[in-house]
Amino acid sequence: MHRSIAGKLAGLAAGSVVGLALAFSAQADQRFITIGTGGVTGVYYPTGQNICRLVNRDQATHGMRCNAESTGGSIFNLNSIDAGEMDFGVAQSDWQHHAFHGTDRFAEQGANPELRSVFSLHPEPFTVLVRGESDIQSFEDIRGKRVNVGNPGSGQRGTVERLMDEYGWTMSDFTLASELPSREQGQALCDNRIDVILFTVGHPSAAIQEPIATCGARIIPVTGPVVEQLVDATPYYFSATIPAGMYPGQDEDVQTFGVGATLVTSTRTSESAVYHLTRAVFENFDTFRGMHPAFEVLTPEGMVSQGLSAPKHEGALRYYRKAGML
């Protein structure tokens, strides 16, 4: 009797062990990839979510599960990839450049030679917003005006200073050079405390929409030989367009330059993982481009070539070669 019960229990235990072994084996085969993004109210977070949505559609084929996490943004993502805590991250093209080369805010920790680019994403154009009744029609016209140059240490301020260097300007060339954070600059423009906002941002942006809708602010182009020279000489800047109809009363495209959001990874991420993620985006390109207004200006050619300072990952190169994109 007891031996019979013991035998049954032993049989159940053996079955449980086999079941657990199979479960652990299945878990081992399941691969997870994580994309670091940005704040939930920005464009980076839905970008990562949309990429993962496309990757996860083919989970049965490649066995990967993609998850996008809200993070502190570009620098956080680059540091997390360097530390092996994330597989992919969205990062501005200028910070990608500095992380790979160990410059600017990455100077102390040094270069990250294992950083790899996958593709570029939506542009983050350098945007010049002026009061509606202003006589400012071009970037050169802001000299002598009251200009918000952004708070020190911000990406906004860094781009402003880089462009000013190209023009040979200093802050004394403005009647006022205010350092308001982005959340305050729109109201200051409408209150006639400043004449100009200089801002690097993805579009559409609530920070641009509000002063346009509230007090008739206008976006002006940033073009000409000085800008062209800067773009040609700097790997993380490229020409950009703010499409017509993006904001009320904006009937024409606005030409400017800027940085771009990029997707980056590390040599530690497998070639297969990068290949399947890249494939998921480009083989569903029209779907991806329709997932967010900021993606409307994307082209496959631009995504493969613009703003990528770090070498492309072998998995991405494998897809681009197979698809005839290189």
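Please treat every number below as a calculation from the coordinates, not as lab data. As the structure is a prediction and not an experimental result, all values here were calculated from the model. Every residue, glycine as well, gets a Cβ built from its backbone with ideal geometry; the counts of neighbours run over all protein chains shown.
General remarks:
- Interchain or long-range residues, amide H under 5 Å from ARG116's placed H: THR265, SER266, THR267
- Derived scalar couplings ³J(HN,Hα) [the stretch 202-214; Karplus, 6.51 cos²θ - 1.76 cosθ + 1.60; whole Hz; x for Gly, Pro]: x, 10, x, 10, 4, 5, 9, 4, 4, x, 5, 6, 7
- Packing-based exposure ordering (other Cβ within 10 Å, fewest first) of ILE194, ILE136: ILE136, ILE194
- The antiparallel fraction among DSSP beta bridges confined to the chain stands at about 65%.
- Counting DSSP beta bridges with both ends in the stretch 125-258, the antiparallel % (nearest 5): 75 percent
- Close amide H partners of LEU176, meaning residues 5 or more places away or on another chain with modelled amide H under 5 Å apart, are ARG146, VAL147.
- For the stretch 273-281, the Karplus equation 6.51 cos²θ - 1.76 cosθ + 1.60, evaluated at θ = phi - 60°, returns couplings of 4, 5, 4, 5, 5, 4, 4, 4, 6 Hz by residue, with Gly and Pro reported as x.
- Loop-resident GluC sites (Glu not before Pro) (DSSP state other than H, G, I, E or B) in the stretch 161-211 with no more than 16 further Cβ atoms inside 10 Å of their Cβ: GLU179.
- Taking θ as phi - 60° and the Karplus parameters 6.51, -1.76 and 1.60, the scalar couplings of the stretch 137-152 work out to 10, 9, 4, 4, 6, 7, 4, x, 9, 8, 10, 8, 9, x, 6, x Hz in sequence order, x denoting glycine and proline.
- Reduced Cα scattering model of the stretch 125-258, Debye log10 I(q)/I(0), q = 0.17 Å⁻¹: -0.86
- Relative exposure of GLU228, GLU210, judged by other C-beta atoms within 10 Å (fewest first): GLU228, GLU210
- Relative contact order of the stretch 152-211, pairs being alpha-carbon contacts under 8 Å that are 6 or more residues apart, as %: 36 percent
- Computed [θ] at 222 nm, helices only, for the chain once each DSSP H run of length n ≥ 4 contributes -39500 (n - 2.57): -12500 deg cm²/dmol
- With one equal scatterer per alpha carbon and no solvent term, the Debye-computed log10 I(q)/I(0) for the chain at 0.12, 0.13 1/Å reads -0.84, -0.96.
- Cα-Cα separations in the stretch 185-241 greater than 12 Å, expressed as whole percent: 71 percent
- Ranked for footprinting exposure by Cβ neighbours inside 10 Å, fewest first, VAL149, VAL160, VAL264 give VAL160, VAL149, VAL264.
- The stretch 209-293: trypsin sites (Lys or Arg not before Pro) in DSSP loop, at most 12 other beta carbons within 10 Å: ARG268
- Amide H within-cut-off set for ASP253, under 5 Å, with H built and near neighbours excluded: ALA244
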